[in-house]
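Notes to accompany the following structure.
Computed from the coordinates by the stated procedures, all read-outs in this text should not be read as laboratory data. Since the model is a prediction, treat every value here as computed from it, not as a measurement. For neighbour counting, all protein chains shown are included, and Cβ atoms are generated from backbone atoms with ideal geometry for every residue, glycine included.
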Amino acid sequence: MAGKKHVTMEFSMPFQGIGKNDRGNTIEIDEGDKQVEPYDLLLMSLGSCLYSTFEDIISKKKLSYEKLEIDITGEKRTETPTTLKYCNIIFKAKTSEYNKKAFEKSMELACKYCSIYKTLSYVAEMHSEMVFT
């Protein structure tokens, strides 16, 4: 994932757009109920970066899980610029009792090394926790 990234975006009024990466993958963007809004994309980017980092860590530790979900809630500030005020991240994992402590440590490391998490932490209060299902 390192290195230069490139996307193109096309927009029309009222706010509707399509984002496309160089591999031809697209996502529809809209401020209405039909599509994904910009802050949804921001939180999804955070979640995917965290998961990618977490997966690298647990793979090196030879850990596995039955199910993993990342639940992210964020709030924008009301004052301009409306940067992210806070972000609450909950990793929900279904794994063996034996793995639980290692999973908690792996989540902490993922938050430490995830570049998007680190970038957002400059403007927002970041909280994360691991719960087991």
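How high is the FRET efficiency from MET9 to TYR51, r the C-beta distance, R0 41 Å, rounded to 0.05? Walk me through the intermediate numbers first.
Numbers: r = 24 Å, r/R0 = 0.58.
Taking R0 as 41 Å, the efficiency between MET9 and TYR51 is 0.95.
On the first, second and third principal axes, largest extent first, how far apart are the outermost C-alpha atoms of the stretch 1-97 in Å?
In descending order, the Cα extents are 52, 35, 26 Å.
Which order do the peptides 101-108, 67-74 come out in when sorted by mean C-beta neighbours inside 10 angstrom, highest first? The partial results should precede the final answer.
On the way: 101-108: 17.1, 67-74: 14.5.
So the order, starting with the most tightly packed, is 101-108, 67-74.
Antiparallel DSSP bridges in the chain: what percent, to the nearest 5? Before the final figure, lay out the partial values.
On the way: 21 of 30 bridges.
That works out to approximately 70 percent antiparallel.
Report relative contact order for the chain in percent, whole number only (criteria: Cα-Cα under 8 Å, sequence separation at least 6).
Values: 185 pairs, mean separation 26.7, N = 133.
Relative CO of the chain lands at 20 percent.
How big is the dipole moment of the chain about its Cα centre under a simple scheme where the beta carbon of each Lys and Arg is +1, that of each Asp and Glu is -1, and everything else is neutral? Debye, nearest 20, please.
Values: 19 positive and 20 negative charges, 154 e Å.
That gives the chain a dipole magnitude of about 740 debye.
Between GLU108 and GLU28, 0.36 nm times their residue separation minus their Cα-Cα distance comes to what? Intermediate results must be reported in sequence, preceding the final value.
Details: separation 80, 0.36 × 80 = 28.80 nm, distance 3.23 nm.
Residue separation times 0.36 nm, minus the Cα-Cα distance, leaves 25.6 nm.
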